[in-house]
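Student: Sharing a structure below in structure tokens format, with a few things to ask.
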């Protein structure tokens, strides 16, 4: 389907924009700020692969922005056609406009604006073999994005954000997920609501803690759902969350470092849990 086809089928849904003062461009640029993302309940994802991943996972696209250089690119045109078919808006923009929107000198060719999506905490019903990760006040976008990507990689079920976590829909976090944001369910809750929900969690709750008395490799995870509870980058788990854990685990350190980065520690724990809960398929070969 060509651009003319899109315009003919959905007049007004395809626009060419070259001015930085265009109201549509200003609205999209504003999504770099959390208050505008929260107000509109949308966010940006940069890159054709991320946009296609979102389509495949059934996310609702509001606007597709692509550089003029993408004209004639089959994959870009298909993405634009799918946007129009779903009622979204397509903008063809200059490189300068795209750089301004993404705040990058060398932006990728495509940006999508999507509706945010959270799962209600009360809807989470863990079954045997399920693994969930709860993050308490995670503050670093790179850490959160990497955790979401790792949850996706190991086949865990999703991430619960507890307390004042960094925004999973910030451009920095979305980039760090490398598209996994679109396949990993997210929930969020204040500590009190999380603790109330935890009372009915039917499985094992594991927290990592510097004072943990059990080596993470010695814990038996199989035969029940697992909830991995990870603390803030600077302060770790507060007492009221540590006390709700069935086990407080430690990851032994061989060198002088006394702790690991949040995303690294979560990855170490998740791969050990998955190794015991549900053997992973053989990895694909590749570079």
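Student: Determine, for each peptide in 206-218, 178-190, 93-105, the mean count of other beta carbons within 10 angstrom over its residues, then list the peptides with the highest first.
Tutor: Working: 206-218: 15.9, 178-190: 19.4, 93-105: 17.5.
Going by the mean number of other Cβ atoms within 10 Å, highest first, we get 178-190, 93-105, 206-218.
Student: Suppose a student asked you for the relative contact order of region 121-277, using Cα pairs under 8 Å spaced at least 6 residues apart; what percent would you report? Present the calculation step by step, with values, prior to reporting the outcome.
Tutor: Numbers: 295 pairs, mean separation 45.2, N = 157.
Relative contact order of region 121-277: 29 percent.
Student: Against the longest alpha carbon principal axis of the chain, how many degrees, from 0 to 90 and to the nearest 10, is the axis of helix 141-154 turned?
Tutor: 80 degrees
Student: Still on this structure: Once the Cα gyration tensor of the chain is found, what semi-axes does its equivalent ellipsoid get, as square roots of 5 times the eigenvalues, in whole Å, sorted largest first? List each step's numbers first, then the result.
Tutor: Numbers: eigenvalues 320, 69, 61 Å².
Values for the chain, descending: 40, 19, 17 Å.
Student: With each run of n ≥ 4 DSSP H residues scored as -39500 (n - 2.57), what mean residue ellipticity at 222 nm is computed for the chain after dividing by its residue count and rounding to the nearest 500 deg cm²/dmol? Write down the numbers at each step before the final one.
Tutor: Numbers: 11 runs with 99 residues, N = 287.
Calculated from helices alone, the mean residue ellipticity at 222 nm is -9500 deg cm²/dmol.
Student: With both partners inside region 132-287, how many of the DSSP beta bridges are antiparallel, as a percent to the nearest 5? Write down the numbers at each step before the final one.
Tutor: Values: 1 of 23 bridges.
The answer is about 5 percent antiparallel.
Student: Return a whole-number percent for the relative contact order of region 3-115, with Cα pairs under 8 Å and 6 or more residues apart as the contact set.
Tutor: Numbers: 169 pairs, mean separation 45.5, N = 113.
After rounding, I find 40 percent.
Student: Moving to a separate point now. Given labels modelled 7 Å from the Cα in the Cβ direction, how far is it in nm from residue 260 to residue 240?
Tutor: 2.9 nm
Student: When the distances between all Cα atoms of region 121-277 are binned every 10 Å from zero, what whole-number percent does each bin get?
Tutor: For region 121-277, the pair-distance distribution reads 11, 45, 37, 6, 0.
Student: Calculate the translational D of region 128-175 in whole µm² s⁻¹ from Stokes-Einstein, where the hydrodynamic radius comes from the Kirkwood formula applied to all Cα pairs, the temperature is 4 °C and the viscosity 1.567 mPa s. Let's see the in-between values first.
Tutor: On the way: Rh = 10.9 Å.
D = 119 µm²/s.
Student: Tell me the Rg and the Dmax, in Å, that the Cα atoms of region 187-287 produce.
Tutor: According to the Cα coordinates of region 187-287, Rg and Dmax are 14.6, 45 Å.
Student: Right, here's the next one. Roughly how tilted is helix 74-85, in degrees to the nearest 10 and between 0 and 90, from the longest Cα axis of the chain?
Tutor: Compared with the principal axis, the helix lies near 90 degrees.
Student: Take the alpha-carbon centre of region 86-102, take the same for region 130-155, and report the distance between them in whole Å.
Tutor: 30 Å
Student: In units of 2.2 N^0.38 Å, what is the alpha-carbon radius of gyration of region 3-115? Please report the intermediate quantities before stating the final value.
Tutor: Working: Rg = 12.8 Å, N = 113, 2.2 N^0.38 = 13.3 Å.
In units of the globular-protein estimate, region 3-115 measures up at 0.97.
Student: Can you give the translational diffusion coefficient of region 167-222 in µm²/s, computed by Stokes-Einstein from the Kirkwood radius over Cα pairs at 37 °C and 0.692 mPa s?
Tutor: Working: Rh = 14.6 Å.
This corresponds to a translational diffusion coefficient of 224 µm²/s.
Read-outs: derived from the displayed coordinates by stated rules, not from any lab. Bear in mind that the values here come from a model prediction, so they are computed numbers and not experimental data. Don't worry about glycine lacking a Cβ; one is built from the backbone with ideal geometry, like all the others, and counts go over all protein chains shown.
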